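The values are calculated or read from the model by the stated rules, or taken from the named source; none is laboratory data. What you see is a predicted model; the values in this text were computed from it and never measured. Note that we place each Cβ from the backbone using ideal geometry, even for glycine, and neighbour counts take in every protein chain shown. For the accessible areas, the whole protein counts, side chains as well, though only heavy atoms, and no ligand, DNA or RNA atoms are used. Shrake-Rupley method; radii C 1.70, N 1.55, O 1.52, S 1.80 Å.
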Amino acid sequence: MKSIQDLYKIGKGPSSSHTIGPERAARLFRQQHPGAEKYTVTLYGSLSKTGKGHGTDRVLREVLAPTPTEIVFSDAEPGAAYRHPNTLEFTAWTGGRALPPMRVESIGGGDILVAGQPDVEPPEVYPENSFAEILDFCRLRSLRLWEYVEVNEGPEVWDFLDGIWQAMKRSIDEGLAATGILPGGLRVERKAKYLYEQTVENEFAALRECRIVSAYAYAVSEQNADCGTIVTAPTCGACGVLPATLRYMQERRGNSDEEVLHALAVAGLIGSLIKRNASISGAECGCQAEIGSACAMASAALCVLCGLNTAQTQYAAEIALEHHLGLTCDPICGLVQIPCIERNAVAAMRALNCLNLAFLLADTQRITFDMVVKSMYDTGIHLARQYRETSEGGLAKLYNRRSR
């Protein structure tokens, strides 16, 4: 399994698959063809269906500028040889002739695969590839999960995670300070500042918790929707869940930053397991792969902050992912706004519920985390294509129909 440093990426929203991945691909292609007269980039699958709303065309033109670039939104399938629906084809033109194209798959979380080239992947860091294997290793050596991460990643992982935590906190603070209308034409108003500053007469504890956690989740998700800088956790579209829960719990319990970094390490471990054994891509497996994975990561992180044991941590992550199974990805107008922003807040609150259930009921667990990961992937690949980030089904279809 890969390093958790391959999961957490600091970058600009609104989509790790649609902006961060294509940006990396465009930089690579420009390096290979710096003297081209013009470029053509053909987008397939979800990149074509929701590329304008997700800002794919914008980021490609920015990276390839000042060379003229034509963006083609294709309805054709990229072909059986390509494993992922998010595929781009880059073509450079010189002397009026098209050079051989470069095909790239944007596989989620900002990662890319270049067709016909050896996969330049980060090295395998963890010998274990399932939670069951990790659990056995930790039991044999009396390790906590965050200690297991340090054993494999080395002590330098804490400096990396400190940078990630600082970036997450900045995204919350910036989102709480901002007001106005998000770009894209839906006229979605930012709500994080309003939620955070709302005065509720006789506010009871549960309502305050919901208001503050939701404000934090909205803050990060609105920054993402406005092309601001966020941390993939595990993706841009699900970036608000983990920061919101960590910030809230640290303030509520007085956890140190060191304890938060331990929680981030375990969250990264959960996300990496999902990425290794299933998918974190909405275009491949629907929103269960994004927001469901984020909720599982946050639930496990909360367990670490609250001192729960490894069995309870696994149970919390399992509950979180299990109850997102089948969740569709149908962003209205291809924008990472409705239902995406609100969904981050709901998942953050659900993570707190998973923490409580794990504290009380871990001894009754029958379904393992590994089983749910496998089930999520099986469910995802059988979801109808219109529910996998194409904006052709569900809420996206109904909204478009009513708006005409």
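Quick notes on this structure:
- Pair list, Cβ under 8 Å, 6 or more apart: region 185-198 residue over 13 Å from ASP173 (Cα atoms), other residue among the basic types (Lys, Arg): LEU195/ARG211; GLN198/ARG211
- In summary, strands (runs of 3 or more DSSP E) completely within region 62-166 and bearing 1 or more residues that are of a type in the set (Phe, Trp, Tyr) occur at 69-73, 87-94.
- Criterion (under 19 Å from GLU209 (Cβ atoms) and open to solvent by less than 30 Å² (accessible area, probe 1.4 Å)) met by exactly one of LEU355, LEU335: LEU355
- Considering residues of region 39-73 that are over 23 Å from GLU222 (Cβ atoms) and of a type in the set (Lys, Arg) only, the residue surrounded by the most Cβ atoms within 10 Å (Cβ to Cβ): LYS49
- Evaluating VAL231 against the criteria (1) open to solvent by less than 10 Å² (accessible area, probe 1.4 Å); (2) more than 22 Å from the chain's Cα centre (by Cα) leaves one unmet condition, (2).
- If you go through region 99-126 and keep only what is open to solvent by 80 Å² or more (accessible area, probe 1.4 Å) and touching a residue at least 40 places away in the same chain (Cβ under 8 Å), you end up with GLU121, PRO123, GLU124.
- Hey, CYS295 in contact with a Lys or Arg (Cβ under 7 Å, 6 or more places away or on another chain), open to solvent by 10 Å² or more (accessible area, probe 1.4 Å) and in contact (Cβ under 8 Å) with a residue 12 or more places away in the chain or not: no
- Filtering region 149-171 to residues that are farther than 15 Å from GLU259 by Cα and not basic (Lys, Arg) leaves VAL151, ASN152, GLU153, GLY154, GLU156, ALA167, MET168, SER171.
- Filtered residue count, region 145-188, keeping only those that are surrounded by fewer than 16 Cβ atoms within 10 Å (Cβ to Cβ), more than 27 Å from ARG58 (Cβ to Cβ) and of a type in the set (D, E, K, R): 4
- 2 or more residues within 30 Å of LYS191 (Cα to Cα), of a type in the set (Gly, Ala, Ser) and at pLDDT below 95: qualifying helices (runs of 4 or more DSSP H) within region 322-404: 394-403
- Test: HIS84 is more than 19 Å from the chain's Cα centre (by Cα) and either within 22 Å of GLY237 (Cβ to Cβ) or surrounded by fewer than 20 Cβ atoms within 10 Å (Cβ to Cβ) (or both): no
- Single residue of LYS52, LYS38 found to be modelled with pLDDT under 90 and more than 30 Å from ALA263 (Cα to Cα): LYS52
- Qualifying residue in region 209-217 (condition: at pLDDT 95 or above, under 21 Å from the mean Cα position of the chain (by Cα) and surrounded by fewer than 16 Cβ atoms within 10 Å (Cβ to Cβ)): no
- Residues in region 193-208 that are among the acidic types (Asp, Glu) and either modelled with pLDDT of 95 or more or assigned to a helix (DSSP H, G or I) (or both): GLU197 only.
- Contacts under 8 angstrom Cβ, first residue in region 371-397 being open to solvent by 70 Å² or more (accessible area, probe 1.4 Å) and among the hydroxyl-bearing types (Ser, Thr, Tyr), partner at pLDDT below 95 and assigned to a helix (DSSP H, G or I), 6 or more apart: TYR387/GLY394
- Matching residues in region 276-305 - criterion: being at pLDDT below 95 and in a helix (DSSP H, G or I): GLY282, ALA283, GLU284
- Selection status of GLY11, out of contact with any Pro (no Cβ under 8 Å at 6 or more places or on another chain), in a strand (DSSP E or B) and under 27 Å from TYR387 (Cα atoms): yes
- Residues that are touching a residue at least 24 places away in the same chain (Cβ under 8 Å), in contact with a Cys (Cβ under 6 Å, 6 or more places away or on another chain) and at negative phi do occur in region 218-227.
- Residue selected from region 26-38 under the condition open to solvent by less than 20 Å² (accessible area, probe 1.4 Å) and out of contact with any Asp or Glu (no Cβ under 9 Å at 6 or more places or on another chain), by the criterion farthest from ARG388 (Cα to Cα): ALA36
- Within region 24-53, the residues that satisfy the criterion of being touching a Gly at 6+ places or on another chain (Cβ under 8 Å) and in a helix (DSSP H, G or I) are ARG24, SER46, LYS49, THR50, GLY51, LYS52, GLY53.
- When SER272 is tested against (1) closer than 27 Å to LEU43 by Cβ; (2) touching a strand residue (DSSP E or B) at 6+ places or on another chain (Cβ under 7 Å); (3) assigned to a helix (DSSP H, G or I); (4) not aromatic (Phe, Trp, Tyr), only condition (1) is not met.
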